Amino acid sequence: MRTLAIVKRIMLQFKRDKRTLALMFLAPLLLITLLNYLFNGQAVDPVIGEVGLSDELVQTFKQNDLKVESYEDKEQKAKTAIKEDELDAFIEQDGDKLKITFENSDPAVSKEITMKLQKSMMHMQEESMQQAAKAMQAQMDKISQMTGSGSSSSEEMLLANGQLTLSTDYVYGNADTTYFDTIGPIFIGFFVFFFVFLIAGISFLRERTTGTLERLMATPIKRYELELGYMIGFGLFALIQSIIVALFSIHVLDMTQNGSIWYVLLITLLLAIVSLALGMLLSTFANSEFQVIQFIPIVIVPQILFCGIFPLEGMVDWLQWIAHLMPMYYGAQALTDIMIKGEGFSSFVTDFYILVAFAAVFLILNIFALKKYRKA
């Protein structure tokens, strides 16, 4: 009977806690639905540029699911075309020399292109051998006819198999670049975002549950002053965390770093500030540390799903727009531009201002959320 009493108490407790019930029953359905769309999106064929290739070879590439953009200018710079036209690779042929330049910000795409190019070349070789065999047979038939007619003349057929010299180049990285090298910057931003959110949410909640916030609100301090004070106080530790994570990843784990370390620190700090403001905002709607944890599947997990680790190009438009609502999407783009592509501030200036806007919006909403603790 005592066991049944405990069971009854737990059931009543869950019945009263609608948020926990939603977390248990609805959150898994939401996340598995998102994962279903993420992994079942349409495949996006790589896009390559070419100059100097034969029409037959270009057609073979297209038959092997490669989108080909042809360039007439023989002096077209491969790396310039890749950056300006967002190509995945560029192929140049000059006589018997064939040069392939890979964009290589995603080594998986480079490997896919390599496999499809090899398949195309093998297909071309097979066709060439078949044509040579047919030509040889026709020649033998002709020689046979000449022999049969008593002709003393003979003809010789020479088959020339052209040999191509292949060379490769990379816009970003090299042949040894791995997939983790390209997503490492994303994880730097994500772990800063995640732990700052967790610590800020729980810490701000404790300020409320211990009565500290109520005592502060009883003083003449303004809500925005209180909010800024917490932001700066927590932000100092977030700054230290950002520096430690970024420097450890680059200098100890030897992650790829082609851009300025100051830009890396700037973006990681900005992500920490956004996460700090978001954590403080959501903690005002929680009554316990467990309820702060409940926000993680709904708020944090989608950040990692839509930040660029999984390709979004092949998904439906409405799902791609969800990514644009995630701060990590812009932080990941900026860190990738800095660390992998070695770009300057102009390349991620839009991402920078969007992250600033996220922080400002969360801060303003938090100021209004504090109204329930004091009406002044």
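Residues that are farther than 30 Å from Val264 by Cβ and touching a Ser or Thr at 6+ places or on another chain (Cβ under 6 Å) within the stretch 188-217 comprise just one, Leu205. Where strands (runs of 3 or more DSSP E) sit wholly within the stretch 60-111, those with at least 3 residues that are open to solvent by less than 80 Å² (accessible area, probe 1.4 Å) occupy 89-94, 97-102.
Being within 22 Å of Val361 (Cβ to Cβ), buried (at least 23 other Cβ atoms within 10 Å of the Cβ) and among the β-branched types (Val, Ile, Thr) is the requirement here; does Val264 meet it? Reasoning before the result, please.
Working: within 22 Å of Val361 (Cβ to Cβ): no; buried (at least 23 other Cβ atoms within 10 Å of the Cβ): yes; among the β-branched types (Val, Ile, Thr): yes.
Spelling it out, it is not the case that Val264 is within 22 Å of Val361 (Cβ to Cβ), buried (at least 23 other Cβ atoms within 10 Å of the Cβ) and among the β-branched types (Val, Ile, Thr).
Quick test of your reading of the structure: Ala238 fulfils all but one of (1) in contact (Cβ under 8 Å) with a residue 60 or more places away in the chain; (2) more than 16 Å from Met339 (Cβ to Cβ); (3) surrounded by 18 or more Cβ atoms within 10 Å (Cβ to Cβ); (4) hydrophobic (A, V, I, L, M, F, W, C). Name the failing condition by number. Failed condition: (1).
Residues in the stretch 208-233 that are open to solvent by less than 50 Å² (accessible area, probe 1.4 Å) and either of a type outside the set (Val, Ile, Thr) or within 32 Å of the chain's Cα centre (by Cα) (or both): 11 in all. Taking the stretch 170-195 as the region of interest, how many residues are open to solvent by 10 Å² or more (accessible area, probe 1.4 Å) and closer than 17 Å to Ala238 by Cα? Final tally of qualifying residues: 5. Residues of the stretch 301-343 that are farther than 26 Å from Gln257 by Cβ and in a helix (DSSP H, G or I): Val301, Pro302, Asp317, Trp318, Leu319, Gln320, Trp321, Ile322.
Of all residues in the stretch 353-376, those that are under 15 Å from Leu281 (Cα atoms) and in a helix (DSSP H, G or I) have Cβ atoms under 7 Å from Cβ atoms of residues that are β-branched (Val, Ile, Thr) and at pLDDT 85 or above, 6 or more apart or on another chain, in Phe358/Val274; Ala359/Ile273; Ala359/Val274; Phe362/Val274.
Counting only residues that are of a type outside the set (A, V, I, L, M), open to solvent by 50 Å² or more (accessible area, probe 1.4 Å) and modelled with pLDDT of 90 or more, how many does the stretch 347-376 have?
The qualifying residues number 2.
Among the residues examined, Leu213 qualifies as modelled with pLDDT under 80, part of a helix (DSSP H, G or I) and among the hydrophobic types (A, V, I, L, M, F, W, C).
The values are calculated or read from the model by the stated rules, or taken from the named source; none is laboratory data. Values in this document were obtained by computation on a predicted structure and should not be read as measured data. Note that we place each Cβ from the backbone using ideal geometry, even for glycine, and neighbour counts take in every protein chain shown. For accessibility, only protein heavy atoms count, side chains too; no ligands or nucleic acids. Shrake-Rupley method; radii C 1.70, N 1.55, O 1.52, S 1.80 Å.
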